[in-house]
Amino acid sequence: MTAALSGCGSETGTPATTTTVAGTSAATTHTTTDATSTPNAANPTQPSGASTPPSPGTVTVPDVRGDRPALADQLLTAAGLHAHITGGTGRGPGGGQCVISSQTPHAETSVPTGTTIELTTGEVGGQSPC
């Protein structure tokens with residue numbers, strides 16, 4: 001798994017780097033749908049507003065906003081996803097720690113396994129980007 005880190009640097013003051021985690025592999029995606037997996041008029045047995053589990057070959061994106069970049073990367077990897085992190089990974093210009101401030105696709109979205117989630121960091125407790 002490769003997580004691209006870019007921005008104002010790491011906690012040790014060294015420039016941002018691209019990190020490669022050994023032992024990961026790309027997943028093959030097979031997405032299937034059927035009339036029983038989606039609540040609609042053709043499937044009246046499923047209550048309106050009921051949560052539908054992801055289809056085979058898809059995963060639900062975890063909410064990593066507020067997490068440190070390294071933890072967010074670990075959580076996404078564990079879910080079968082990839083992370084692309086834009087911004088710093090150490091401290092922001094105001095001295096606050098950098099945390100994930102936004103993610104795309106959004107949390108709780110079903111996506112194919114192996115999808116890259118775009119993450120942006122910001123300084124905790126502030127409006128400053130890292």
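Hey, among the residues in the range 94-107 that are touching an Asp or Glu at 6+ places or on another chain (Cβ under 7 Å) and surrounded by fewer than 18 Cβ atoms within 10 Å (Cβ to Cβ), which one's nearest to PRO56 (Cα to Cα)?
ALA107
Of all residues in the range 53-88, how many are closer than 21 Å to GLN127 by Cα, in a loop (DSSP other than H, G, I, E, B) and either of a type in the set (Val, Ile, Thr) or within 9 Å of the chain's Cα centre (by Cα) (or both)?
Count: 3.
Which residues, taken from the range 75-88, are within 11 Å of PRO129 (Cα to Cα) and of a type in the set (Ser, Thr, Tyr)?
Selection gives THR86 alone.
For the range 89-121, which residues satisfy the criterion of being in a strand (DSSP E or B), under 12 Å from the mean Cα position of the chain (by Cα) and farther than 12 Å from ALA72 by Cα?
Those that are in a strand (DSSP E or B), under 12 Å from the mean Cα position of the chain (by Cα) and farther than 12 Å from ALA72 by Cα: THR104, SER110, VAL111, THR116.
Could you go through the range 82-92 and let me know if any residue there is among the small types (Gly, Ala, Ser) and open to solvent by 30 Å² or more (accessible area, probe 1.4 Å).
Scanning the range 82-92, I find no residue that is among the small types (Gly, Ala, Ser) and open to solvent by 30 Å² or more (accessible area, probe 1.4 Å), so the answer is no.
The values are calculated or read from the model by the stated rules, or taken from the named source; none is laboratory data. Here the structure is a predicted model, which means the values were calculated and not measured. Here the Cβ is made from the backbone with ideal geometry for all residues, glycine too, and neighbour counts use every protein chain on show. For accessibility, only protein heavy atoms count, side chains too; no ligands or nucleic acids. Shrake-Rupley method; radii C 1.70, N 1.55, O 1.52, S 1.80 Å.
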